[in-house]
1. If you build the convex hull over the alpha carbons only and average its shadow over all orientations, what do you get for the stretch 75-126? Give it in nm² to one decimal.
2. Which GluC sites (Glu not before Pro) in the stretch 63-135 sit in a loop by DSSP (not H, G, I, E or B) and have at most 16 other Cβ atoms within 10 Å of their own Cβ?
3. Which trypsin sites (Lys or Arg not before Pro) does the stretch 30-135 hold that lie in a coil by DSSP with at most 11 other beta carbons within 10 Å?
4. I want to verify a result. In a Gaussian network model of the chain, Cα cutoff 10 Å, which of these has the top mean-square fluctuation: 52, 116, 99?
5. Report the relative contact order of the chain, percent, no decimals, based on alpha-carbon pairs under 8 angstrom and at least 6 residues apart.
6. Could you tell me which of 58, 39, 17 has its Cα farthest along the dipole of the stretch 7-65 towards the positive end, charges placed at Cβ (Lys, Arg +1; Asp, Glu -1), taken about the Cα centre?
7. Only one of the values [x] 2, 9, 14, 15, 12, 10, 10, 9, 10, 7, 3, 0; [y] 2, 10, 21, 26, 21, 13, 5, 1, 0; [z] 2, 9, 16, 18, 17, 16, 12, 7, 3, 1 was calculated from this structure for P(r) over Cα pairs in 5 Å bins from 0, in percent; name its label.
8. Based on Cβ point charges of +1 for Lys and Arg and -1 for Asp and Glu, what charge dipole magnitude is obtained for the stretch 75-126 about its Cα centre, in debye rounded to the nearest 20?
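Throughout, read-outs are computed from the coordinates displayed, never taken from laboratory work. In this text, all values refer to a predicted model and were calculated from it rather than measured experimentally. Using ideal geometry, Cβ is built from the backbone for each residue, glycine included, and neighbour counts are taken over all protein chains shown.
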Amino acid sequence: MDLKLTDKQFRRLLDLVYIGNWVINSTRGDDRIRDYDDVETAVFSHCLDQGMVSLVESYKGELIPSRAFADGGIHEAIMAYEDTMFFEILAQELALRDMDSESPTPDNYDELCERMEEYLGEFEEHGTDNITVEM
């Protein structure tokens with residue numbers, strides 16, 4: 001395969017590959033899906049030819065994203081996504097609970113969205129400060 005990318009596009013591809021592999025493998029511990037690690041290694045190996053040597057390093061004989069790459073802001077993007085997803089999922093779950101429903105349906109969609117917007121407004125203003133769990 002011959003893929004033509006500008007340097008900027010290639011740099012963005014590195015971000016996408018890293019984030020994708022992070023989402024798939026970061027929670028798997030020793031049970032990583034090796035195929036995704038292999039794709040990451042294959043893509044990052046092109047850093048050497050593209051003059052982006054600082055973005056890759058050797059680990060146990062494989063080229064992987066370097067510490068400089070990982071510390072360069074990519075995890076802030078991942079964390080922003082995780083925060084957004086956390087609050088959206090929490091808002092949906094609380095709204096469904098309030099509606100005594102197990103899942104969104106075409107019939108409850110508008111009400112669900114309204115209730116979610118209320119929760120999201122609360123979370124935006126106060127974060128999790130007003131959430132309590134009774135045991």
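1. About 4.0 nm², averaged over all directions.
2. Working: sites: 76, 82, 88, 93, 102, 111, 114, 117, 118, 122, 124, 125, 134; in loops: 102, 134.
Listed in order of number, the matching sites are 102, 134.
3. Taking the stretch 30-135 and a limit of 11 other Cβ atoms within 10 Å, the loop trypsin sites (Lys or Arg not before Pro) found are 60.
4. Among 52, 116, 99, the largest GNM mean-square fluctuation belongs to 99.
5. 14
6. Among 58, 39, 17, the one farthest towards the positive end of the dipole of the stretch 7-65 is 17.
7. Answer by label: [x].
8. 160
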